[in-house]
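For reference, the structure is listed below as structure tokens.
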Amino acid sequence: MLRWLWISIAVIGLDLVTKQWALDSLAHYQSVPLFPYFDLTLMFNPGAAFSFLSDQGGWQRWFFIVVASLAAMALTVWLLKLHKDDRLVAMALSLIIGGAVGNLIDRVIYGYVIDFIDLYYVAESCLPFFGDLLKEGVTQCHWPAFNIADSAISVGVVLMLFDAFTRDDANKKSDF
């Protein structure tokens, strides 16, 4: 099932190119409106999802490097053990591997993950996990900024869940 790793390589490449573009083109924390409710905003996240552990003294960098490395290796082994008919799972694992490695590269090089995709909505109060920002007299509720690698991981997880809930146990051929 190594043939699916081209998806991982494509995700890593696209992630690296877009992050480099963001570093070269955007000022830190300056929002550039692209579409309604969609800005490009360069941010650096030393933590994990939702900035988990971002306020720690720096040890989290090494922790997340180890976790991402182990996860990418374990998922690659799982991918290698898949049956040839498990295409959806193979695609999902390849997306997750590519995303994990993309963010791993950031952590190794910079010590943080480069995020730049900024989605938000306008409301009087924000739902949990959305940060509020008062801008021009209205409250914008921002989802935590993310990147291509994060998107690939999210799509991969959704595909895994879809597969888990739509196939019966007799048709699941994964050995992992």
Tabulated pairs, the stretch 143-159, first within 15 Å of I7 (Cβ to Cβ), second of a type in the set (D, E) and modelled with pLDDT of 95 or more, C-beta under 6 angstrom, 6+ apart or interchain: I148/D15; A149/D15
Residue within the stretch 66-80 that is over 30 Å from R167 (Cα atoms) and either outside any loop (DSSP other than H, G, I, E, B) or touching an Asp or Glu at 6+ places or on another chain (Cβ under 6 Å) (or both) present: yes
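Say we look at the stretch 23-34 and pick out the residues that are among the aliphatic types (A, V, I, L, M) and touching a Ser or Thr at 6+ places or on another chain (Cβ under 9 Å); which of these is farthest from K81 (Cα to Cα)? First the steps, then the outcome.
So the first thing to find is which residues in the stretch 23-34 are among the aliphatic types (A, V, I, L, M), and the list is 23, 26-27, 32, 34.
In the following step, the residues that additionally are touching a Ser or Thr at 6+ places or on another chain (Cβ under 9 Å) were identified as 26, 32.
Working: L26: 42, V32: 44 Å.
The residue in question is V32.
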Qualifying residue in the stretch 133-142 (condition: in contact (Cβ under 8 Å) with a residue 40 or more places away in the chain, of a type outside the set (D, E) and either surrounded by fewer than 16 Cβ atoms within 10 Å (Cβ to Cβ) or more than 17 Å from P46 (Cα to Cα) (or both)): no
Single residue of the stretch 117-132 satisfying the filter (in a strand (DSSP E or B) and touching a Ser or Thr at 6+ places or on another chain (Cβ under 7 Å)) that is nearest to I7 (Cα to Cα): D118
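Just the residues that are aliphatic (A, V, I, L, M) and not in a helix (DSSP H, G or I), please, taken from the stretch 81-116.
Within the stretch 81-116, the subset aliphatic (A, V, I, L, M) is 82, 88-93, 95-97, 100-101, 104-105, 108-109, 113-114.
Matches in the stretch 81-116: L82, V113, I114.
Looking only at the stretch 77-119, which residues are charged (D, E, K, R) and buried (at least 20 other Cβ atoms within 10 Å of the Cβ)?
In the first step, residues of the stretch 77-119 are kept if they are charged (D, E, K, R); the result is 81, 84-87, 106-107, 115, 118.
Correct list: D86, D106, R107, D115, D118.
The values are calculated or read from the model by the stated rules, or taken from the named source; none is laboratory data. None of the values given here were measured: they were computed from a predicted structure. All Cβ positions, glycine included, derive from the backbone under ideal geometry; neighbour counts span all protein chains shown.
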